1. Roughly what % of DSSP beta bridges within the chain run antiparallel, to the nearest 5?
2. What are the semi-axes of the equivalent ellipsoid for segment 1-76, taken as the square roots of 5 times the Cα gyration tensor eigenvalues, largest first, in whole Å?
3. Would you mind listing how long segment 109-177 runs along its three principal axes, going by Cα atoms, in whole Å with the largest first?
4. What label, among (1) 48, 35, 32; (2) 45, 42, 32; (3) 49, 38, 35, belongs to Cα extents along the principal axes in Å computed from the structure on display?
5. Extending each Cα 7 Å along its Cβ direction at Ser111 and Met68, get the distance between those two points in nm, one decimal.
6. Can you work out the accessible area per residue across the chain, with the rest of the protein chains kept in place, probe 1.4 Å, in square angstrom?
7. Using Cα pairs under 8 angstrom and six or more residues apart, how large is the relative contact order of the chain, in percent?
8. Rounded to the nearest 500 deg cm²/dmol, what is the calculated helix-only ellipticity per residue at 222 nm for the chain, with -39500 (n - 2.57) per DSSP H run of length n ≥ 4?
Amino acid sequence: MADLLEFKNLTKVINPHHSLRVSGRVQEGKILMVRGPSGSGKSTFLRLLARLIPPDGGKVFFQGQDWMQIPAPKWRIMVHYVPQKPVIFAGTGADNLHIPFALKTVREKKSLDYNKLEHYCEALSISSETIAREAQTLSGGEGSRLAVIRALLLEPRILMLDEPTAHLDSRTKKKVLQVLVEWLETEPGRGAILVSHSEEDIEDIPAFTVLEILSGDEG
């Protein structure tokens with residue numbers, strides 16, 4: 001199975017007593033499940049890969065190409081990060097879904113696919129009424145699912161999700177993970193990274209590898 005993304009000794013000093021240092025890979029069609037105790041640096045790891053913060057060392061390659069050879073705006077579409085508390089902008093849910101497609105880097109190559117939007121909304125139980133509401137009035141779970149839909153519509157090569165099921169009940173958790181697995185299987189050349197504390201999430205994912213991030217200097 002082909003490697004999409006490889007990271008070697010990716011390092012970030014989190015505090016004087018803890019340096020994050022990880023190596024691993026994301027394989028085509030599979031999910032890299034990131035596990036570790038609170039404070040170990042799981043979210044920091046995703047932010048590093050999203051190029052939102054600079055690393056203190058290490059190398060990252062996308063299909064063999066050094067990541068620094070790819071412009072950051074293009075990289076953030078290819079390797080797309082959805083934080084645990086996603087950014088929800090002023091306006092309606094629909095406005096939030098359209099925002100990425102107004103960016104020059106996106107609009108030159110992509111436009112919002114309304115058929116896919118309808119499919120993802122149905123799959124994740126997001127109604128047309130929810131989409132029409134002011135986004136600031138959405139619950140944590142609704143906002144999280146809206147952010148996942150927004151990311152899927154961008155069609156990244158690698159989708160990074162930080163605790164996407166944290167605010168959801170068991171039934172809705174399963175729906176999110178089913179959509180993620182479906183997205184991976186729909187087209188070749190896709191992979192995902194998922195941070196989760198939930199054992200239910202592991203049970204509902206058919207193909208994954210695990211990256212353990214430890215506490216302390218060994219991390």
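1. That works out to approximately 50 percent antiparallel.
2. Details: eigenvalues 87, 48, 23 Å².
Calculated on Cα positions only, the semi-axes equal 21, 16, 11 Å.
3. 35, 27, 20
4. Label of the calculated value: (3).
5. So the two model labels end up 3.9 nm from each other.
6. On the way: 10550 Å² over 219 residues.
On a per-residue basis, the chain sits at 48 Å².
7. Details: 379 pairs, mean separation 74.0, N = 219.
34 percent.
8. Working: 9 runs with 76 residues, N = 219.
Helix-only estimate at 222 nm: -9500 deg cm²/dmol.
The values are calculated or read from the model by the stated rules, or taken from the named source; none is laboratory data. Keep in mind that this is a model prediction, so the values were computed, not measured. No Cβ is skipped: glycine too gets one built from the backbone with ideal geometry, and neighbour counts run over all protein chains shown. The accessibility values were calculated without ligands, DNA or RNA, using every heavy atom of the protein model including side chains. Shrake-Rupley method; radii C 1.70, N 1.55, O 1.52, S 1.80 Å.
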